[in-house]
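Data block below; observations after.
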Amino acid sequence: MQIPYRLRLQGEVPSHTSVGKLPQSISADKEGYGSVKQQRCSWESRGNPFELFTEAGIAAGRQLFALILIIIQVFGAHSHENLMSCDPDRYGRSSAVFCEYTKAYVRCFPLLALAVSLMVATRMVLNHRVYYQLLKHDLLISFEPLLPSKDRLFRLLLWGFGNSLLHFVLNIYLAHRESFKLVKLGDLASSAEKLMAANVLHDAHKVAVFYLVPAVVFLLFLFTSYDTEAFLLPLSKYFEDDFEASRMALKRVRFMKEPDAAEKINQGLKFQGLDGAPCIIGDAFRELADAAATDAPAAVARTSKHQLRAIFAQQQMESLARTQVTWTFWPARLLLDQRLTDQESLRFRSVWRLFLGVLSAVMLFALFCLSGQMFKDSRDVWHGQYCDLAGIMVELCHLVVVVLLGLWLFRQTVSGIFLQAGCRTQ
């Protein structure tokens, strides 16, 4: 293991110390800094690629399972039994247009949800990876809280889910219009019996089983996965292996806030190793700590009122960006940079390529379903069913959003692996 940054900060092991002059507890390391002969803490395994992607896979797998149940029902061979037939001759043109509009949301909601779920899972992997890597180097980062209610993607999902429910409400109402006319608010017991006799409650139960319940379960799982710090290392686990050593290490921990770290990384790190050596992750963290870390959280309290006002004004300008899940992908610029040559970074980038393959497959599946449905609706419009134009517009908007999310995701992550290959020769 590389010499932790905390040792160099405290002067216990100078950064310029040669291998031959290292203390007995430190031996040479082929990557430049040496290795500390001490047992690895058990919590360090949480930052390994296998552990990270397994954790994200479990979190995303629960969401994807609920979405697959919906997709089978709305795109499968029996989808016509679950969705309303938007016949303008039977229901009128305005009702048929509204029916096609809401039916498109029924189909598009689970596909857009697939893309958003992958975005949140990717964020979890990156945030957890950078958190544990920083903690191994005695740096502690405080992530900005990302509320789902303020994220545009989550709001878009809620909008789609609400419009989807309107389709089933319209379907049940038009199918049992005469029964609803007999409902009297003053006599709920009698009205309920009439609705049961007309199979209204049976149809509502059917909708709840195949669409409502899986969608609500997915949204609940997605909501909880936004809190990335809830899945991080508990403080008790940090002291589990060696209480005294962990207590001493915690005294040397330096702190940083996510906006400060993200700003420095977005500005660009030099990724320079010591004495011309190849850059490893410890070098990047040292540069990041020198620019963004503080010795204690109390340093913030000592900031003057004038400085606090300036900081608050700047944070207000950046607050809109930080309420979006896409803002939290800044660790990719650090963790996936091609100039990092240590074994851990190389291993993480290799596993990341496999992860991108899974993301690509799911994204392409969503695009295939959207484009296929648009083709079917366009063919119906060609044959004179102009009410399908409302559904085509909704599907086109979702197609554009999924494409933009995919392009943004791969630009942020793939660029660190492939597009920076020339940095070694610079």
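Our estimate of slack between Ala361 and Arg411, defined as 0.36 nm per intervening residue step minus the Cα-Cα distance, is 16.4 nm. With a/c under 1.5 counting as rounded, go ahead and sort the stretch 34-149 into rounded, prolate or oblate using the C-alpha gyration tensor (a ≥ b ≥ c being the square roots of the eigenvalues; past the cut-off, prolate if a/b is larger than b/c, else oblate). Prolate shape, in that a/c is at least 1.5 and a/b is the bigger ratio. Scanning residues 5 or more positions from Asp342 or on other chains, those with amide H under 5 Å from its amide H are Ile281, with H placed 1.01 Å from N in the peptide plane. In the stretch 228-289, taking the dipole from charged Cβ atoms about the Cα centre, the farthest positive-side position among Gly273, Met256, Pro234 is held by Met256. Accessible surface comparison of Ser94, Ser371, probe 1.4 Å, protein chains only, largest first: the order is Ser94, Ser371. Computed 3J(HN,Hα) for the stretch 103-116, one whole-Hz value per residue from the Karplus formula 6.51 cos²θ - 1.76 cosθ + 1.60 where θ = phi - 60°, is 5, 4, 5, 4, 7, 7, 4, x, 6, 5, 4, 4, 5, 5, glycine and proline marked x.
Computed from backbone phi with θ = phi - 60° and the Karplus coefficients 6.51, -1.76 and 1.60, the 3J(HN,Hα) list for the stretch 66-82 is 5, 5, 4, 4, 5, 4, 4, 6, 9, 10, x, 5, 9, 5, 5, 7, 9 Hz; x is used for glycine and proline.
With the simple spin-label model, which puts each label point 7 Å out from Cα in the Cβ direction, the Arg353 to Phe375 separation comes to 3.2 nm.
Take the Cβ atoms of Leu140 and Asn48, set R0 to 22 Å, and the FRET efficiency comes out at 0.70.
In this rough spin-label picture, where each label sits 7 Å from Cα along the Cβ direction, the Ser79-Arg152 distance is 2.8 nm. For the cross-link pairs Lys237/Lys264; Lys150/Lys376; Lys103/Lys206; Lys150/Lys257; Lys150/Lys270; Lys150/Lys237, the ones whose C-alpha atoms lie over 25 Å apart are Lys237/Lys264; Lys150/Lys376; Lys150/Lys270; Lys150/Lys237. For the stretch 206-288, GluC sites (Glu not before Pro) meeting the loop criterion (DSSP other than H, G, I, E, B) and having at most 11 other Cβ atoms within 10 Å: none.
Descending by average beta-carbon neighbour count within 10 Å, the peptides 59-72, 332-345 line up as 332-345, 59-72, the highest first.
Classify the stretch 200-293: rounded, prolate or oblate, from the alpha-carbon gyration tensor (a ≥ b ≥ c, eigenvalue square roots; a/c under 1.5 rounded; otherwise prolate if a/b is larger than b/c)?
Prolate.
The values are calculated or read from the model by the stated rules, or taken from the named source; none is laboratory data. Computed from a predicted structure; not experimentally measured. Don't worry about glycine lacking a Cβ; one is built from the backbone with ideal geometry, like all the others, and counts go over all protein chains shown. These accessible areas exclude ligands, DNA and RNA; they are computed on the full protein's heavy atoms, side chains included. Shrake-Rupley method; radii C 1.70, N 1.55, O 1.52, S 1.80 Å.
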